[in-house]
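**Student:** Here it is, the structure, as structure tokens.
Since every read-out is calculated from the coordinates, none of them should be taken as a lab result. What you see is a predicted model, and the numbers here were worked out from it, not measured in a lab. When we count neighbours, we look across all protein chains shown, and the Cβ atoms used for this are built from the backbone with ideal geometry, even at glycine.
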Amino acid sequence: MTDTKADTKAPTQPAARDEPAPGTLPLRDALVEILTRVAAATLLSLFAYGAIKRWLADPTRITLVLLVVGACVTVGLSLFSRVPSRRDWTPFAFICAVGGTFYFLAVRLSPGIQLIPETAGAALQLFGIFWELFAKASLRRSFGILPANRGVVSGGAYRFVRHPMYLGYFLLDLGFLLVNFGIQNMIVYGCQFALQVGRILREEKLLCDDERYRAYRSKVKFRVIPGVF
């Protein structure tokens, strides 16, 4: 899920609209919004059903149920995001967005090699989920799956890094991977991390057309991890 943002305030001017006025959304765009949200809800439901069945068979696998919680937070809340004023439909952006969001469908849910204790992995996941929620609360409804300009946010978690939501994703994924390690999951999460970097770069390319975002970027230097990236 993409975390497009921008909340710079202009005290002497009314804020520009970041979403179409009610009743003005073109039919094609309305159909795209409906179809993408229905598809997202369907895929999330199928994944959650299969994962919860496995968890009920072995309730000690806390990281498995937290993976479902994280997927529900990531995909579920995007179903209620605002309609963007501009969206990136290029093939690269589409692959990064869809692959980086629905990667969990390719994750091997069966137990793997435990590199760290289950509780340690769950702690990483919980921190990632809470940080993601903090970032989403900072955005309010300015997030979604495809890269888009839904307005610029600079408060809350966005005071520290430009893409704090991706740090939450990383911790959630890392917690599950270290407890359920295997070749398949290593490949899936390796691709996932690469796709997330691609999403970040595409989002910034789109947002840099906005003067408010360029001003925000000049103040907040790092994308995800202060001093690193």
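**Student:** Under the √(5λ) rule applied to the eigenvalues of the Cα gyration tensor, what semi-axes describe the equivalent ellipsoid of the stretch 27-219? Give them in Å, descending.
**Tutor:** After diagonalising the Cα gyration tensor, the semi-axes are 29, 19, 15 Å.
**Student:** Amide H to amide H under 5 Å from residue 152: which residues, 5+ apart in sequence or cross-chain, H placed 1.01 Å off N in plane?
**Tutor:** Those qualifying (amide H under 5 Å, at least 5 residues apart or on another chain) are 6, 7, 8.
**Student:** Give a residue-ordered list of calculated ³J(HN,Hα) values for the stretch 218-224 (Karplus: 6.51 cos²θ - 1.76 cosθ + 1.60, θ = phi - 60°; whole Hz; x for Gly, Pro).
**Tutor:** Each residue's phi maps through the Karplus curve to give 5, 8, 9, 7, 10, 7, 10 Hz.
**Student:** How high is the FRET efficiency from residue 214 to residue 45, r the C-beta distance, R0 41 Å, rounded to 0.05?
**Tutor:** FRET efficiency, residue 214 to residue 45: 0.55.
**Student:** At a Förster radius of 41 Å, what calculated FRET efficiency corresponds to the Cβ-Cβ distance of residue 92 and residue 119, to the nearest 0.05?
**Tutor:** For R0 = 41 Å, the calculated efficiency reads 0.60.
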